[in-house]
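Structure record follows, encoded as structure tokens.
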């Protein structure tokens, strides 16, 4: 029996972060509610046909390519101090090199 696509994707993401997929898919597990067993990161993996903000990200990718830049989208709710960053995971390390740490 082949594994479902979402399980395969969770395995791939877990491996990328140097860990394993949580058995029984997160919330059903007694280990953690995260989709991976990473000891420092809580990783939630979503594998869906449509993601509402994906259209915006695809448009950003196109514009970034025209300027030969790395696409990054930052979302923030009004009156919130918690911005959310969306990027291609293959660019994550390079993007992190551009961030300045506050001391």
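The values are calculated or read from the model by the stated rules, or taken from the named source; none is laboratory data. Fair warning: this is a prediction, and the values are worked out from it, not measured in the lab. With ideal geometry, Cβ positions are generated from the backbone for all residues, glycine too; neighbour counts draw on all protein chains shown.
One line per residue, one yes/no per condition, for (1) assigned to a strand (DSSP E or B); (2) modelled with pLDDT under 85:
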site	(1), (2)
27	no, yes
62	no, no
70	no, no
78	no, yes
86	yes, no
91	no, no
96	no, no
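Inside the stretch 45-60, can you point out the residues that are free of Cβ contacts under 8 Å to residues at least 12 places away in the same chain and in a loop (DSSP other than H, G, I, E, B)? Quick ask: steps written out before the conclusion?
Pass one, the stretch 45-60, residues free of Cβ contacts under 8 Å to residues at least 12 places away in the same chain: 46, 48-52, 54-55, 58-59.
The answer is 46, 48, 49, 50, 51, 52.
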